[in-house]
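Enquirer: To start, I am sharing the structure in question, which I have written as structure tokens.
The values are calculated or read from the model by the stated rules, or taken from the named source; none is laboratory data. Every value quoted in this text rests on a predicted model; they were computed, and no experiment measured them. Cβ: placed from backbone, ideal geometry, glycine included. Neighbour counts: every protein chain shown. The accessibility values were calculated without ligands, DNA or RNA, using every heavy atom of the protein model including side chains. Shrake-Rupley method; radii C 1.70, N 1.55, O 1.52, S 1.80 Å.
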Amino acid sequence: MEFRDTAASVRSWGRLAEPELLNDPQLLTGLFSAPNVGFLILDDHLRYIAINATLAAMNGIPVEAHLGKTVHEILGIVAEQVEPVFRHVLTTGQTVSNFELTAQLPTRREVGHWIENYFPIKNSEGRVTHVCAVIVEVTEQKRLEDNLRTLTARLQRKTERLQMLLDIDNLLGSRLEMPQLLPAIFSSIKKVIPDDHVEVSVYDENARALRLCAAHSRIKELAIEGNLDFLDKTLSGQAFLNRRPQVFHHTELLASPFAGVKRALELGIRSACFIPLMTAKGPLGVLTVSSCDDRAFPSEDVELLKQVATAVALAIENGLIYEDLRQQKERLQVMLGVSNILAANLDVTKVFPKISANIRRLLRHEYASLTLQDDVSRLLRRDALDFPLSKGILSADTTLLANTPEGKALQARRPLIFSRTEIAAFRVDVTKQLLQEGIRTLCCVPLISSKGDLGTMNLGSTREGAFSPGDFGLLRPIASQIAVALDNARAYREIENLKNHLVEEKLYLEDEIRAGHFEEIVGDSQALKQVLGQARTVAASGATVLILGETGTGKELIARAIHRMSSRKDNSFIKLNCAAIPTGLLESELFGHEKGAFTGAVGQKIGRMELADRGTLFLDEIGDIPLELQPKLLRALQDHEFERLGGTRTIKVDLRLVAATNRDLPRLVTEHLFRSDLFYRLNVFPIRMPPLRERRQDIPLLVRHFTHKYARELDRHIEAIPTRTMNALVNWDWPGNVRELENVIERSVILSEGKILRVPLSELLAERQIADPQTRTLEGAEREHIIRVLRECIGLVSGPTGAAQRLGLKRTTLQSKMQRLGISREDYTGPERE
């Protein structure tokens, strides 16, 4: 109280006093003896003339040491603050009141505070010759005031911090979504802790990096949403791994080797604080606060940020759990919709647009396709497409090469996401077309079942980064559903095809039974034995057999014999007469067709090649097959696979081919009427069926066989065949071979009324000129003439009475002609003709 009262009285006195009052001795005595008021008098050179003990104690120098010395000599550098005031009073003669001085005197360790009043002292002439000063020290008062201000500021700061925590707590209870919650929290932080950039990054397990979730910054280049901070290449990643707060100031930031730190420094950041967002399960992410101040984020700020980080971590964890549950619910709804679609229709390709529309509810894609792998070629083909906004640029060609995004995903056996740059890197037509359509992101998900790789499901978007690894949680189950549906559809088709195959085979066998073909081969000639020996030899090998011979020689019987002697005898023997079916229908008969393949294809048809699977296919009259169909037949025979007409599925078969023809295939090849490559493919093991005229000794056996057969069928009792009739039949040339002989015997049985076979020989003679093709050629006439001469010469070739002599030929020339014309000893040593 004493100090305060004295200071107040001096300040009052200084304001009211006149300089003349200093002439009062009583007043001067009081000033020099005042215990709390300093007093001094300086001359016009600012030298001490007088000073009281109180001021000398304030200066820390004895009274005697002051006298005669200047203010600068006593106060040192502090004199620079007071000397201008003294000189102002000396110059102007004006009083200076309540001058506040704050300085550290040379004799003190701490800063002091003083209130000073300056008065001019004039001589008798009215000129200012001296200056006096009245000084009161207020250092303790200042200290108390400063302490009070400091305490008030601290209290205010603590209040603001508590209010910030309260505000954040209220925000957490407001049920705001993350996009609104985090910016509000950032605003609360900024009110208490000055910053230039604040962000929250959440750990992305798929990318193994911190992904920027939200940010509030005055430096926009630092706030790129979705930006990734890899754990080993960023300071935030290190804080995440170390699980403790880290503060970096300017010097420490300059020493960092990371590119992101260098970028932040270029943008003006000088300090940064990284607080891991800890939960009971471990670190969830990182709260980053940055400042352009070199020494930001003292320890008390770090402690406060740790409390904020705990609240933010809890909010993010709850948000992630809620978001995960919401997404899981939406995904389950989409997967349920896909299941219902697939359950309602086995044809996945037809319902794929509906599946795509169901997925679009979540992923917002514009393009979707289904590519399936061919079982044989292993090439991908686009079987289904959903692209409502297409510009029509996509090619109609559905075959895709392995060097495509779809092929790469199938090869990797995992979902892959391709950016626009990665799509363009494939440099194939299909990717160029997708880019022209505006696709900038492509996601390919492989379709894999227990039976292997089936293909891919592909989604495309015109947006960059439209898909992320997080979408695989939805796409993988859907792809599995589609793969199972494709397997089920394939199994259903196989069952249906097997059922149809059995039905077709049953009908075919019934037709075969009704057709009434020969059940055995009749004959005992050497030529026939040679053919049967060849058939027996080739039967076990499984090689392709080409049976050559004139019409009616029994080529089909030999084909059946080969089948019965082969390992395929328990399976089907399927035949097709290539000359008996119109050209337009022959391909359908061979390979089958799908429903709608052509006009009139009202249903699916299984071809003869498919029916012959694991059995034998007999193609009769192979020489009459159209030239345009021959390449497809050749491919099917070489690869044992084909496609039905109108179909895209490759069918593999295991069959043995036996072909027959009565035409001269080498001549047809020369005339470009038959493909040489197909001929060589057929001509693996040729068997030539001899005509009936080359095995005349078999004719009696055949006559008896057919006679008994048709007599039994017609309920006739024929017991004898006249010798003359038999000789006539044996010597007949039979241009129609066994088939002609069978027809003649059937007609004879019908005409015979008794027990003796009556053959209409006159009809044969009448038909000879018309029916016998040999007589209509020069070669045939030559052959007949030689045979007749040989018979007249009793088979002698050389000698004076031999056939060569009578024909005017050398023996070797005649033998050469006989060989060329196929004349054997049996032709001219048999019974005489009528």
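Enquirer: What would the Debye equation give as log₁₀ I(q)/I(0) for the chain at q = 0.10, 0.11 Å⁻¹, counting only Cα atoms as equal point scatterers?
Expert: For the requested q values the scattering log ratios are -1.13, -1.23.
Enquirer: Next question. Sorted by packing (mean other beta-carbon atoms within 10 Å per residue), highest first, where do 819-828, 695-704 land?
Expert: Top of the packing list down: 695-704, 819-828.
Enquirer: While we're looking at this one, here's another question. Can you work out ³J(HN,Hα) from phi for every residue in region 600-612, in order, using Karplus 6.51 cos²θ - 1.76 cosθ + 1.60 and θ = phi - 60°, giving whole Hz and x for Gly and Pro?
Expert: Whole-Hz 3J(HN,Hα) from phi for region 600-612: x, 7, 7, x, 7, 10, 8, x, 5, 5, 6, 5, 7.
Enquirer: Given the chain, what percent of its DSSP beta bridges are antiparallel, to the nearest 5? Display every interim value, and only then the final one.
Expert: Details: 86 of 105 bridges.
That works out to approximately 80 percent antiparallel.
Enquirer: To continue, here is another question. Just the accessible area per residue of the chain, please: how many Å² with a 1.4 Å probe?
Expert: 52
Enquirer: Let me ask you something else. Near Lys329, which aspartates and glutamates are there with a Cα under 17 Å away, not counting those fewer than 8 places off in the same chain?
Expert: Asp471
Enquirer: Additional query: Taking H placed 1.01 Å from N in the peptide plane, check which residues at least 5 places from Ile547 or on another chain put their amide H under 5 Å from its amide H.
Expert: Result for Ile547 returns Ala659, Ala660, Thr661, Ile687.
Enquirer: Beta carbons within 10 angstrom, averaged per residue: use that to sort the peptides 739-752, 800-813, 543-556, highest first.
Expert: Going from most to least packed, we get 543-556, 739-752, 800-813.
Enquirer: Post the alpha-carbon centroid distance, region 330-408 to region 579-620, in whole angstrom.
Expert: The distance from the Cα centre of region 330-408 to that of region 579-620 comes to 32 Å.
Enquirer: Then there's this: Taking the chain as the reference, fit the longest principal axis to its C-alpha atoms, fit the long axis of helix 79-92 to the helix C-alpha atoms, and give the angle between the two in degrees, 0 to 90, nearest 10.
Expert: So the helix axis and the longest Cα principal axis differ by about 50 degrees.
Enquirer: Moving on to the next point. Applying the Karplus parametrisation 6.51 cos²θ - 1.76 cosθ + 1.60 with θ = phi - 60° to the phi angles of region 303-320, what ³J(HN,Hα) value in whole Hz is obtained for each residue in order, glycine and proline being reported as x?
Expert: 5, 5, 5, 5, 5, 5, 4, 4, 5, 5, 4, 5, 5, 5, 4, 5, x, 5
Enquirer: Let me ask another. For helix 472-515, what angle does its Cα long axis make with the longest principal axis of the chain, in degrees from 0 to 90 and rounded to 10?
Expert: The two axes meet at around 10 degrees.
Enquirer: Ok, one more. Below 20 Å, Cα to Cα, which aspartates and glutamates can Lys755 reach? Residues fewer than 8 away in the same chain don't count.
Expert: Glu713, Asp715, Glu719, Glu742, Glu746
Enquirer: Which entries of Lys220/Lys262; Lys499/Lys569; Lys632/Lys652; Lys220/Lys432 show an alpha-carbon separation above 25 angstrom in the structure shown?
Expert: Exceeds cut-off: Lys220/Lys432.
Enquirer: Give the aspartates and glutamates whose C-alpha is closer than 14 Å to that of Lys350, dropping any in the same chain fewer than 8 places away, or say none.
Expert: Correct list for Lys350: Asp383, Asp386.
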